[in-house]
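Throughout, read-outs are computed from the coordinates displayed, never taken from laboratory work. All values derive from a computational prediction rather than experimental measurement. Cβ coordinates were reconstructed from backbone atoms using ideal geometry, including for glycine residues, and neighbour counts include every protein chain displayed.
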Amino acid sequence: MTTIFVMVNVLQVGDPAPDFELLDQSAAPVSLSSFRGRKVLIYFYPKADTPGCTAQACGLRDVLGDIGDAAVLGVSPDAPTKQAKFDQKFGLGFPLLSDADHAVAEAYGVWAEKSMYGRKYMGILRSSFLVGEDGTLTQVWYKISPADTPKKLLGALAG
C-alpha cells in the first residue's frame, strides 16, 4: 500500500490561524475567535469512530487534565450527529466540529489529494495546529500520527 499526499495551502508557525465557525456535536456554533486569550489545539481527523481517529481522540481525552486552560477542538467532515455518537461512546469531553464542506480543512491545508492502492481521492490529512493566545500558530504538525498528537501537545505546552 502506497499513500501519496498532495498538499496545497501549507501554514507555518507565526501565521495567523484561519478563523472559523463550525457546529459542534450538539449542533451549537463554535468559533476559533471565541478562544482568544487561550491556547487551542485544533486537530483534523479523517473519520469519527475509526481505529486511528479513536486512538487519537482518546489520547487527547486522557491528557485534558494536564493541559491547563488550553482547549482542544477536533475537526472532521462528519455530521454533528455522528460526532455526538463518537463523543458519547468514548466520553471525549471536548468539542468535535463538523466541517462537512471541508472549507476549514482547505484553509488549514489539510484537505488533500490522497492515493491508496492506485486510487486517488480527496480527504483529510491528519494534522494538528497549536494556536497561541494571540491567534497565531505556535506549532504546526502536518501528517501527525494519532499516538504523537497528545505527546506533541504536552511537549509544546511544557516548553
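Okay, here's what the table says:
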{"item": "Entries in Lys47/Lys120; Lys114/Lys143; Lys82/Lys151 that, when Cα-Cα distance is taken, lie over 20 Å", "result": "Lys82/Lys151"}
{"item": "The stretch 4-143 - convex hull of the alpha-carbon atoms, volume per residue in Å³", "result": "100"}
{"item": "Mean ellipticity per residue at 222 nm, deg cm²/dmol - from DSSP H runs of n ≥ 4 across the chain, formula -39500 (n - 2.57)", "result": "-7500 deg cm²/dmol"}
{"item": "Magnitude of the charge dipole, the stretch 81-133, Cβ model with Lys/Arg +1 and Asp/Glu -1, debye to 20", "result": "400"}
{"item": "Over the stretch 10-79: Kirkwood hydrodynamic radius from C-alpha pairwise inverse distances, Å", "result": "13.5"}
{"item": "Computed P(r) (all Cα pairs; the stretch 52-118; 10 Å bins; percent)", "result": "18, 43, 32, 6, 0"}
{"item": "Local net charge near Thr136, Cβ-Cβ under 15 Å (Lys/Arg +1, Asp/Glu -1)", "result": "-1"}
{"item": "Test item: Cα-centred dipole of the chain, Lys/Arg +1 and Asp/Glu -1 on Cβ, debye", "result": "560"}
